[in-house]
Amino acid sequence: MIYSRIIATGGYLPARVMDNAELVSMIDTSDEWIQERTGIRKRHIAAADETTCDMAEQAARKALAAAEIDANTIDQIIVATTTPDWIFPSTACLLQERLGINNNCAAFDVQAVCTGFIYALSIADKFIRSGEHKRILVVGADVNSRIIDWTDRGTCVIFADGAGAVILEAGTEPGIYSTHLHANGKYTDLLNVPAGVSKPGDYPYMKMKGNEVFKFAVNTLGDIVDETLAANNLTKSDIDWLVPHQANIRIITATAKKLDLPMERVVLTIAEHGNTSGGSIPLALDSAITAGDIKPGEILLLEAFGAGFTWGSALIRY
């Protein structure tokens, strides 16, 4: 059997930090309201000339350095993003050139919004299990600040910018046990950016019906916990860490409760990072690994929920 395992991680956050006090000066809100509703104290915002590929490059370089490998040993690149630099080429192709990878490896983007990294990880895992590829770079990166209406209190307090990367490598011992992907397009009106190339719109910013999204996310993520455990014949007590998409502290708390996990065993970066969409889970993972909290051999449950609606999970032994 061939399995894939994570051999290195990397993360990048823009230099500019926007705290809640700055938002209070811009819109009708308060630090107390933001923290109570979301758990966020501050977030990072990309510079005017900073792009998704810029952030992806920094995260990828850190992962390559951590793995101590040559970039040209990567034989596939997948970037999960909702905010690509260009319509085409893909951000993955731009990243390939930035990293100096000249081995003609496959490179492409995946768009599943906040679940994008889980989708990309699942795709990479299957390529490695098939034997077609041996080492894959998976990046999640988004510049959400470019699609935020800074007068909309329901979205501008939540979303932020950042990138995270992991390197997967083929091995004989299980690393990724399973991944689980889902979507239901009938809920499009609850969370979207109603503008695009083939269907231009006059409001190219996020629109979200927060209460409805919250209810659906809590129920859906609770179900995927059961699905993931059942698929691997595990119980809640087998999970060492929950690494959730950093969307909302109340959603994260509800998922931890479903797992009977104390919050001390939940990776939390939302207070400092906000919701970085595709970058959220790999940033959280890198943060916990770099800090030494997650240790080799521990079992992690990664889960995410995003517009579409999309949702997914991955069960991993680090």
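About the Cα centre of the chain, how large is the charge dipole given +1 on each Lys and Arg Cβ and -1 on each Asp and Glu Cβ? Please answer in debye to the nearest 20. Intermediate results must be reported in sequence, preceding the final value.
On the way: 27 positive and 39 negative charges, 92 e Å.
It works out to roughly 440 debye.
Ranked from highest to lowest mean number of other Cβ atoms within 10 Å per residue, what is the order of the peptides 107-114, 195-202? Please report the intermediate quantities before stating the final value.
Working: 107-114: 22.6, 195-202: 8.2.
Put in order of decreasing packing, that is 107-114, 195-202.
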In nm, give the distance between the simple-model label positions of K186 and E97, each being 7 Å from the Cα along the Cα-to-Cβ direction. 4.4 nm
Extension length gain for Q35 and T172 (0.36 nm per residue less Cα distance), in nm, is 44.9 nm
Point-charge dipole on Cβ atoms (K/R +1, D/E -1) for segment 176-317, about Cα centre, debye to 20: 340 debye
Using all alpha carbons of segment 208-318, what is the percent of pairwise distances in each 10 Å bin, ordered from the shortest bin to the longest? 14, 51, 31, 4
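Applying 1/(1 + (r/R0)^6) with R0 = 41 Å to the Cβ-Cβ distance of S130 and D293, what FRET efficiency is obtained, to the nearest 0.05? Before the final figure, lay out the partial values.
Numbers: r = 33 Å, r/R0 = 0.79.
For S130 and D293, the calculated efficiency is 0.80.
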For 39-48, 154-163, ranked highest to lowest by mean beta-carbon neighbours within 10 Å, the order is 154-163, 39-48
Signed unit charges on C-beta, dipole axis of segment 3-171, positive-most listed residue P89, A47, L64: L64
So how do Y203, Y318 line up by other beta-carbon neighbours within 10 Å, fewest first? Y203, Y318
Could you give the length gained on full extension between D202 and A65, defined as 0.36 nm per residue of separation minus the Cα-Cα distance, in nm? 45.0 nm
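So if the hydrodynamic radius of segment 3-171 is defined as the Kirkwood radius over C-alpha pairs, what does Stokes-Einstein give as its diffusion coefficient at 4 °C and 1.567 mPa s, in µm² per second? Display every interim value, and only then the final one.
Numbers: Rh = 16.7 Å.
My calculation gives 78 µm²/s for D.
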Points 7 angstrom from Cα along the Cβ direction at D240 and D19: gap in nanometres? 3.5 nm
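Pairs to check: K236/K257; K186/K258; K126/K257. Give those whose C-alpha atoms are more than 20 Å from each other in this structure.
Table pairs above 20 Å Cα-Cα are K186/K258; K126/K257.
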Could you state the principal axis extents of the C-alpha atoms in segment 107-229, from the largest down, to the nearest angstrom? 51, 33, 27
Quick one: work out the % antiparallel among DSSP beta bridges in segment 176-317, nearest 5. 75 percent
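Could you give me D for the chain, from Stokes-Einstein at 10 °C and 1.306 mPa s, where the hydrodynamic radius is the Kirkwood radius over C-alpha pairs? Units µm² s⁻¹, please.
82 µm²/s
Please identify the longest segment of the chain free of exposed GluC sites (Glu not before Pro), where exposed means a DSSP state other than H, G, I, E or B and no more than 15 other Cβ atoms within 10 Å. It would help to have the intermediate numbers written out before the result.
Details: sites that count: E68, E132, E298.
Here the longest run is 133-297.
None of the figures in this text is laboratory data; all of them are computed from the coordinates on show. Not measured: the values here are computed from a predicted model. All Cβ positions, even for glycine, are placed from backbone atoms using ideal geometry, and neighbour counts span all protein chains on display.
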